There are 4 protein chains.
Amino acid sequence: MSFNTFGRMFRFTTWGESHGPAIGAVVDGCPPGLELSEADIQPWLDLRKPGTSKFTTQRREADEVRILSGVFEGRTTGTPISLMIENTDQRSKDYSDVAKAYRPGHADYAYDAKYGFRDYRGGGRSSARETASRVAAGAVARAVIPEVDIFAYVSAIGGDAIDFANFDPSLIGQNPFFCPDAQAVMRWEKLVDAARLDGSSLGAVVECVASGVPAGWGAPLYAKLDSELAAAMMSINAVKGVEIGDGFAAASLRGEQNADPMRPGHDGPIFLANHAGGIAGGISTGQPVKLRVAFKPTSSILIPVETVTRDGEASDIITKGRHDPCVGIRGVPVVEAMMALVLADQKLLHRAQCGERAETD
Amino acid sequence: MSFNTFGRMFRFTTWGESHGPAIGAVVDGCPPGLELSEADIQPWLDLRKPGTSKFTTQRREADEVRILSGVFEGRTTGTPISLMIENTDQRSKDYSDVAKAYRPGHADYAYDAKYGFRDYRGGGRSSARETASRVAAGAVARAVIPEVDIFAYVSAIGGDAIDFANFDPSLIGQNPFFCPDAQAVMRWEKLVDAARLDGSSLGAVVECVASGVPAGWGAPLYAKLDSELAAAMMSINAVKGVEIGDGFAAASLRGEQNADPMRPGHDGPIFLANHAGGIAGGISTGQPVKLRVAFKPTSSILIPVETVTRDGEASDIITKGRHDPCVGIRGVPVVEAMMALVLADQKLLHRAQCGERAETD
Amino acid sequence: MSFNTFGRMFRFTTWGESHGPAIGAVVDGCPPGLELSEADIQPWLDLRKPGTSKFTTQRREADEVRILSGVFEGRTTGTPISLMIENTDQRSKDYSDVAKAYRPGHADYAYDAKYGFRDYRGGGRSSARETASRVAAGAVARAVIPEVDIFAYVSAIGGDAIDFANFDPSLIGQNPFFCPDAQAVMRWEKLVDAARLDGSSLGAVVECVASGVPAGWGAPLYAKLDSELAAAMMSINAVKGVEIGDGFAAASLRGEQNADPMRPGHDGPIFLANHAGGIAGGISTGQPVKLRVAFKPTSSILIPVETVTRDGEASDIITKGRHDPCVGIRGVPVVEAMMALVLADQKLLHRAQCGERAETD
Amino acid sequence: MSFNTFGRMFRFTTWGESHGPAIGAVVDGCPPGLELSEADIQPWLDLRKPGTSKFTTQRREADEVRILSGVFEGRTTGTPISLMIENTDQRSKDYSDVAKAYRPGHADYAYDAKYGFRDYRGGGRSSARETASRVAAGAVARAVIPEVDIFAYVSAIGGDAIDFANFDPSLIGQNPFFCPDAQAVMRWEKLVDAARLDGSSLGAVVECVASGVPAGWGAPLYAKLDSELAAAMMSINAVKGVEIGDGFAAASLRGEQNADPMRPGHDGPIFLANHAGGIAGGISTGQPVKLRVAFKPTSSILIPVETVTRDGEASDIITKGRHDPCVGIRGVPVVEAMMALVLADQKLLHRAQCGERAETD
């Protein structure tokens, strides 16, 4: 696995910087014969697209994807699928501040320490713009796992959580926060707007559920489904925590509280609870796969923070430019995409190792 | 990366089941010329060793490691290092219950669903016994990163957390809980003993800090240091959550609260806070790398839980045998080992890509 | 390693079909700070470019490369380098013959057997056009190994070999055959032209030498330098044989004939022979790395061959279109590129594992 | 892929030195439910075992394999299979000569150049003894591909080739040379014995055929079946050349001579020739997969060769000890094992990517 590739059998490699001519992904290992066109990818990109409300960055990108290879007469051929999205709204602003001083919380200092210099325009490779490539690749992954249904939503912003008593999944696509709780939507409008007007930003929690995953995907240890999902989610910009099922809450439980009892059902066992998030021993159980992801607040803020310059001088910095006041919001389609990418990979891996069983059972 | 291998340049592969003749690990990619003998590995294994107090499983294993290859005249040769630990106390108990019915929370059902059958003796490959191999491999990793100091501790058991005002690192090695808070030790003795006597079990939180990591290890996205650490920690049996730095707490903060301000220092910048856990943009900043790991309560309990048999019949199951009442406790040396293994790998990866810079700077 | 990726640390992934909109490569793991622009890549592509003489395909492609990412202010940043070459001369010919029947020697039947269908336009992914992506990636690799000098040449066409007594490296760039023997050039002009006029094709042998490789690159077994080079060369379209050093000729020798005796020199030992092709025990010795590659004759010929159709009917097929009468000729820059790509990767791998030694020696 | 691991889905990692306590392999990714015991592996090891005739090394090793994990009640469980072979006849001879001076043709100098020092006892990791681990792993691979029949033989020793007119496969197992030509056996007895008595050694060519490989295994480019096989074969000690199908001979042919014409058959097309060695476009065609491998003469000879010492002094060296006069002979079971290992891997990879097609066709 290289630095910019994710996956084992169904793999994708992303490339591109915030202010370069384009960004993209190459998807390798996709099964042949799947129906795929730009029209299958674009809707997911549109969900992630910037500039759609005042609660996201005001950068305006069409985010139009082009398929450059791997599809013939509307179907995947089994060869690499090259996806490209041109950057169109790289504003030619003055980056001299960012070039000279390090924005705390940002990749700036670490990049310089590692590579000796950095493409500072819009954050370069560390920009959340890279996640558009993931969303495009994720749309291909969805074609590999039609049996799986994935949805994600924001469950908390700036510490203000939804009330699960109000949970209404039909709301998720109807508000700018991907929020399933109508009352939280009203509160968050004020909360996020206030942070935006303050030049500040907010963290968020995103939750994701995949139903339809059959029992048997995953592997015992280093390729545990939990581990693959954690790596996938933690690879998203600004993510600093991942929980599978009950996660940290399980650490407060006793064994009998955390058990997911089983009863006989028509098609295998029925589980009476899902503390495990649909994964036991690293392998899916047939229950919904559930996880939670913590996004830190956007590091780029208009409030001055103490920093140092490249030359080692003390300085204060404020980060102008167009930024998401809460980067977790647009994280929702990205989390979904990473879930799809991991599950597509696991499906193929399971078929590779245990395919004969499946055929003979 | 295969199912039982972890790492990119410094890689290890583990093998073995709880009740097979032995378990082990093969470490590949280790630099040559490092001093290494069994005596460098054994102390770490002894920390993880079962049967040392009433708060851990009563299985008695010497856990004596043998180096079978890759070391010559006391130094690593650069070739694979084969480590083997013989199993000596596989009690020949009656496993017919476990063979027939699925223990909720355990890997039993998922293994059967994936592989069609399973080695049910002592949990087979899914037993926490596998972690001894990691601890042995981790000891080799420590030889690769002498500049790094790693320590972990239990910060909560069953929801009862330590008070950081009482934090005394010298206590960690002096109690059976790897606990840095003397008052918590006293409480936990009662708490864990009560759970043990009830035939129940408890979850725990383990925290780990690595100091001495220079700025520059890691990579921007899919090989983000956060992502590698999350995968490593989540690959440990019973782990269901990982946080880097402030983790989920960061999701409740505003941008200016979460920033780690920088001031000029003698050897590069000084950070005035460490919300990021020592990693920005996926790359180490030179601050201590910090993470938290959630262990669920041991699934094997003596309290009956509803389940189904392999034949699909309803049943109740209690799991006899020798089990840890709180598997998170012995997770401490395992978390340390995984931290060491990730950092050793990252050191080599950084040297590969940016080594010339290091030499010329 | 996925299906369309090569390398371990310095990795590249290619994508694209002969008659799609573009082809390209993503280079990952490149060290930062190297000077790189399109002008460093284009000359190598121009060497491989079709349509430059009557001895190559008459397809006319400008083969202009664009760098889409990973370079900032003229230097590599350490992030993925995306290279794209647009296809401009995909002739909209009638492919109904190829769509219906299998061209013997071609990938047609095997692709259908594997994937169920194929992009038959110009050979799709199996077209030698893919090698342009390798040549572009190879130019990046050259920047990683400035200490190494690589050159390749054609040593035989259709069984007619050069005479090493006539070997003049300055000739290689001065004739359409990359031939170092002036007399062979004259013979080959007639030979290749005759084959071309017959509608036939010819096989060829390409030899490649890399000097300046220091002792110590490679690894003992599965990452043997011999093995990496063999995989690299054999991955080129139409290649069916690889020899390192004396190769098959060594199988006819006795031990004392095949030994490369050593004498003391100023900077380490001097070798009195190079039967081993610069590699002993899988690791470079400091001698020139030498290999030979066999290209089969182009499968696309105008002479009818017996075949079957997709529907299983007997048929005869002739392959119209624009084809190289000897695909090995344009294989020369491709072989050089693959040599550069392997050596760049090996340099980084060696630095990763043994870098500390290098620094302290 | 790490330095001592081979394969993508069906992977094995070998470890061990010639004069350490043991050698072994860990096989990962093996499908579950396959019947496997030591008795399935031992016969293949016995074929490779040293000391069985005067034409092989006189080291006497029982080469008894133990399965330490991954098998339960006689069937593979899907978890890693650890195979160990103890070394029993490491003769405690005086290695001071080898420790001090470099044996030309051997790995000695290159190891020192790379790693700074080496385990010189019996060649350490570079000893052909490592191939026993491959043969053991190869026996597991055979269980994965029961549809495939593999056989290899020696086709030439020291330049003296068999006559294919005399080819009798039943002879292969009946003489110490794995030779299918009774007349060649008689000649080789004298030839090899003479070399042995001279203290010299001979090179050899080994050919291998796998029948029963269905059409569709492999991949277009970097995972071409040709490329995987070349890497596998070239990773064997002393191998310096690999040909697929006609190999270098194809470079002397014209297109119409090299074509493998097709005619309709009952189960897909029938091929009228097999110049391609059963692989077109990197993918199997259903014809027998055929390859040839060149082994150089054993480097360890009793005839003095000029060399240098570690201290840079001129010296002559003769290599005492117990060595194969023709290492290619015992290469036969190793080549077969590598063929099995590659094909098992390719079967699983094909199932992963194209499994759904297989199920629906």
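Exactly one residue out of D:Ala294, D:Ala352, D:Ala344, D:Ala276 is outside any loop (DSSP other than H, G, I, E, B), modelled with pLDDT of 90 or more and facing chain C (nearest Cβ under 8 Å): that is D:Ala294. Scanning the stretch C:14-30 for residues that are in contact with a helix residue (DSSP H, G or I) (Cβ under 9 Å, 6 or more places away or on another chain) and buried (at least 24 other Cβ atoms within 10 Å of the Cβ) returns C:Thr14, C:Trp15, C:Gly16, C:Glu17, C:Gly20, C:Ile23, C:Gly24, C:Ala25, C:Val26, C:Val27, C:Gly29, C:Cys30.
When we screen D:Arg121, D:Arg134 for residues that are closer than 21 Å to D:Ser315 by Cα and touching a residue at least 24 places away in the same chain (Cβ under 8 Å), the only hit is D:Arg121.
Quick grid of which residues meet (1) part of a strand (DSSP E or B); (2) more than 7 Å from every other protein chain (Cβ to nearest Cβ); (3) closer than 30 Å to A:Lys190 by Cβ; (4) in contact (Cβ under 8 Å) with a residue 60 or more places away in the chain:
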site: A:Ala210; (1), (2), (3), (4): yes, yes, no, yes
site: A:Pro214; (1), (2), (3), (4): no, yes, no, yes
site: A:Asp226; (1), (2), (3), (4): no, no, no, no
site: A:Leu229; (1), (2), (3), (4): no, yes, no, yes
site: A:Val242; (1), (2), (3), (4): yes, no, yes, no
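Checked against (1) closer than 30 Å to A:Phe55 by Cα; (2) without any contact (Cβ under 8 Å) to a residue 60 or more places away in the chain, A:Arg351 passes all but a single condition, namely (1). Screening A:Ser126 with (1) of a type in the set (Gly, Ala, Ser); (2) out of contact with any Pro (no Cβ under 7 Å at 6 or more places or on another chain); (3) surrounded by 23 or more Cβ atoms within 10 Å (Cβ to Cβ) gives one miss only, at (2).
D:Thr79 meets the conditions (1) within 11 Å of chain C (Cβ to nearest Cβ); (2) surrounded by 23 or more Cβ atoms within 10 Å (Cβ to Cβ); (3) not aromatic (Phe, Trp, Tyr) in every case but one. The failed one is (1). Restricting attention to the stretch B:109-123, the residues that are assigned to a helix (DSSP H, G or I) and either under 23 Å from the mean Cα position of the chain (by Cα) or among the basic types (Lys, Arg) (or both) add up to 6.
A:His106 meets each of the listed conditions (1) within 22 Å of the chain's Cα centre (by Cα); (2) under 14 Å from A:Ser18 (Cα atoms); (3) in a loop (DSSP other than H, G, I, E, B) apart from (2).
None of C:Asp311, C:Asp316 is in a loop (DSSP other than H, G, I, E, B), more than 30 Å from D:Tyr109 (Cα to Cα) and over 24 Å from the mean Cα position of the chain (by Cα) except C:Asp311.
In the stretch A:1-42, of all residues being within 7 Å of chain C (Cβ to nearest Cβ) and of a type in the set (Asp, Glu), the one that is nearest to the chain's Cα centre (by Cα) corresponds to A:Glu17.
For the stretch A:116-132, the set of residues classified as at the interface with another protein chain (Cβ under 8 Å from one of its Cβ atoms) and either under 17 Å from B:Pro269 (Cα atoms) or among the aliphatic types (A, V, I, L, M) (or both) consists of A:Gly116, A:Phe117, listed by residue number.
Scanning the stretch B:88-106 for residues that are buried (at least 21 other Cβ atoms within 10 Å of the Cβ) and within 11 Å of another protein chain (Cβ to nearest Cβ) yields B:Ala101, B:Tyr102, B:Arg103, B:Pro104, B:Gly105, B:His106.
Evaluation of C:Tyr222 against the conditions (1) of a type in the set (Ser, Thr, Tyr); (2) within 7 Å of another protein chain (Cβ to nearest Cβ); (3) touching a residue at least 60 places away in the same chain (Cβ under 8 Å) shows that the sole unmet condition is (3). Annotation: D:Ala143 fulfils all but one of (1) surrounded by fewer than 24 Cβ atoms within 10 Å (Cβ to Cβ); (2) in a loop (DSSP other than H, G, I, E, B); (3) touching a helix residue (DSSP H, G or I) at 6+ places or on another chain (Cβ under 8 Å); the unmet one is (2). Every condition in (1) at pLDDT 95 or above; (2) outside any helix (DSSP H, G or I); (3) closer than 29 Å to B:Val289 by Cβ; (4) of a type outside the set (Val, Ile, Thr) holds for B:Arg66 except the one numbered (3).
Just one of the listed residues (D:Phe178, D:Phe151) is at pLDDT 95 or above and at positive phi, namely D:Phe178. Among the residues of the stretch D:174-211, those identified as over 19 Å from D:Asp324 (Cβ atoms) and surrounded by fewer than 18 Cβ atoms within 10 Å (Cβ to Cβ) are D:Gln174, D:Ala182, D:Gln183, D:Met186, D:Ser211. Within the stretch C:146-168, being part of a helix (DSSP H, G or I) and within 11 Å of another protein chain (Cβ to nearest Cβ) holds for no residue.
Of the residues making up the stretch D:316-330, those that are within 11 Å of chain C (Cβ to nearest Cβ), in contact with a helix residue (DSSP H, G or I) (Cβ under 8 Å, 6 or more places away or on another chain) and modelled with pLDDT of 90 or more are D:Ile317, D:Pro325, D:Cys326, D:Val327, D:Gly328. Which ones in the stretch A:279-291 are more than 8 Å from every other protein chain (Cβ to nearest Cβ) and surrounded by fewer than 24 Cβ atoms within 10 Å (Cβ to Cβ)? Scanning the stretch A:279-291 gives A:Gln287, A:Pro288, A:Lys290.
Conditions (1) of a type in the set (A, V, I, L, M, F, W, C); (2) closer than 28 Å to B:Glu61 by Cβ; (3) touching a strand residue (DSSP E or B) at 6+ places or on another chain (Cβ under 6 Å), marked per residue:
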position: B:Asp198; (1), (2), (3): no, yes, no
position: B:Ser227; (1), (2), (3): no, no, no
position: B:Met234; (1), (2), (3): yes, yes, yes
position: B:Gly241; (1), (2), (3): no, no, yes
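Could you run through the stretch A:251-273 and say how many residues are crowded, with 17+ Cβ neighbours inside 10 Å, in contact with a Pro (Cβ under 7 Å, 6 or more places away or on another chain) and not in a strand (DSSP E or B)? Count: 6.
The values are calculated or read from the model by the stated rules, or taken from the named source; none is laboratory data. Please read all numbers here as calculations on a predicted model, not as lab measurements. Because the Cβ atoms are built from the backbone with ideal geometry, glycine has one as well, and the counts that use them run over all protein chains shown.
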